[in-house]
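FYI, it's all coordinate maths here, none of it is from the lab. Since the model is a prediction, treat every value here as computed from it, not as a measurement. In this analysis, Cβ positions are derived from the backbone assuming ideal geometry, glycine residues included, and neighbour counts consider all displayed protein chains.
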Amino acid sequence: MTTYFITRHPGARAWVAEEGIPIDQVVEHLDPSAIRPGDWVVGTLPVNLAAAVCERGGRYFHLSLTLPRESRGRELTPERMRTYGARLQEYRVLAVPRTEKAPAHLESPGL
């Protein structure tokens, strides 16, 4: 089993270390094909990548924060992350197969 931390943020890397969360590999971009059953993936992934982790038998732990608008898009220190309630929450994400035509306003080539 491998635990991946997917982030490009130095503050998040420091936060996970300070929290004592054991991480095997820190990467900036997830290649879902690397995930094996039983692997753990920690980070803030788009829903399609989180679904790919779960599809491959991995477990996805989302790094959640309650950020005020003025702090979005800024680098955060571990202390600031704690102020904003940084926590890991496991999610199981499942892509739902298309069973009927999407409403016209949601129609796209992928739907």
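Of the beta bridges DSSP finds with both residues in the chain, what % are antiparallel, to the nearest 5?
Working: 5 of 16 bridges.
The answer is about 30 percent antiparallel.
At most 11 other C-beta atoms within 10 Å and a DSSP loop state: those are the exposed GluC sites (Glu not before Pro) I care about. Give me the longest piece of the chain that has none.
Details: sites that count: E28, E75, E100, E107.
With a cap of 11 other Cβ atoms within 10 Å, the longest stretch comes to 29-74.
Test of understanding: ordering D24, D39 by Cβ neighbours within 10 Å, fewest first, what list do you get? Before the final figure, lay out the partial values.
On the way: D24 11, D39 19.
Arranged by neighbour count, lowest to highest, D24, D39 become D24, D39.
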Problem set entry | Entry for mean projected area of the Cα convex hull in nm² (calculated from the structure that is shown) out of [x] 8.7; [y] 6.6; [z] 9.4 | [x]
Seminar exercise, completed: Per-residue Cβ contact counts at 10 Å, fewest first, order H105, H9 as H105, H9
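Longest segment of the chain with no trypsin sites (Lys or Arg not before Pro) in a DSSP loop having at most 10 other Cβ atoms within 10 Å?
Details: sites that count: R72, R74, R92, R98, K101.
Between the exposed loop sites, the longest stretch runs 1-71.
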Seminar exercise, completed: Among Y4, V47, L106, the residue whose Cα sits farthest towards the positive end of the charge dipole of the chain (+1 at Cβ of Lys and Arg, -1 at Cβ of Asp and Glu, taken about the Cα centre) is L106
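Note down the magnitude of the dipole of segment 3-94 about its Cα centre, charges +1 on Lys and Arg C-beta and -1 on Asp and Glu C-beta and zero elsewhere, to the nearest 20 debye.
Values: 12 positive and 11 negative charges, 51 e Å.
With Lys and Arg at +1 and Asp and Glu at -1, about 240 debye.
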